[in-house]
1. Pick out which of 111, 229, 15 has the largest mean-square fluctuation in a Gaussian network model of the chain, springs linking Cα atoms closer than 10 Å.
2. Roughly what would the spin-label model give for residue 43 and residue 132, points 7 Å off Cα along C-beta, in nm?
3. What relative contact order, as a whole-number percentage, does the chain give when Cα pairs under 8 Å and 6 or more residues apart are counted?
4. Can you give me the relative contact order of region 69-206 as a percent, contacts being Cα pairs under 8 Å and 6 or more apart?
5. Between residue 123 and residue 200, how many nm apart are label points set 7 Å from Cα along the C-beta direction?
6. What ranking of 93, 178 emerges when the number of other C-beta atoms within 10 Å of each C-beta is taken as an exposure proxy, fewest first?
7. Would you please give the FRET efficiency between residue 149 and residue 9, computed as 1/(1 + (r/R0)^6) with r the Cβ-Cβ distance and R0 = 45 Å, to the nearest 0.05?
8. Based on other C-beta atoms within 10 Å, arrange 42, 149 from fewest to most.
């Protein structure tokens, strides 16, 4: 991609500010726009035709089925199952899966994937010139407990560059997937870390136009979750519906 044709960070920030001013800010558009021009990829990726109506039974017939026997508790430890320890700040990420009334949603499959501490994914298409960690694959999963709780042990991911515009960097984040009872119910979202200086520069984070909805994507540091001389703790609840719903990807 020719760098001379790329928008600058100043261009992207100005576009984001203009859209935020038009939408009126708080209380509006808690879910991201499918077509959000500062996020250049949405021009090609967002749906342009009405959704197709399909027979859900036909879709679910090919969907995965998960149960307690399919998910090993060790799958939630992203620092294990390698010859050595991964490099980076060890963290515990935990929270609850809740419905719109604040009730726990138990027995649901939660998956996460993330970059390593240097900001690189273990994926063939990731060409960021940062080191791969042979002791970190960056993927884990667990089932929510009776009180809706999930818990992962991992390392804090690093920020990374992407080619949306010149000198574009993504804030550190962890991808979350919640499957529900069937594949068509799957929800995908992202969790961020408090105090990240890249928030104001990122059009993906900024595509959630409601400031309150954006804040709900940021985990809180939890000293009670932190384990002495081992790992810092971050708590982040996922709310599936209602006025406090967590942002999820659509389309």
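Since every read-out is calculated from the coordinates, none of them should be taken as a lab result. Since we're looking at a predicted model, the values are computed, not measured. Counting neighbours? That spans all protein chains shown, and the Cβs are built from the backbone with ideal geometry, glycine included.
1. 229
2. 3.3
3. Computed over the chain, the figure is 27 percent.
4. Result for region 69-206 is 27 percent.
5. The modelled label-to-label distance comes out at 2.9 nm.
6. Going from least to most buried by this count: 178, 93.
7. The computed FRET efficiency comes out at 0.70.
8. Starting with the residue having the fewest Cβ neighbours, the order is 149, 42.
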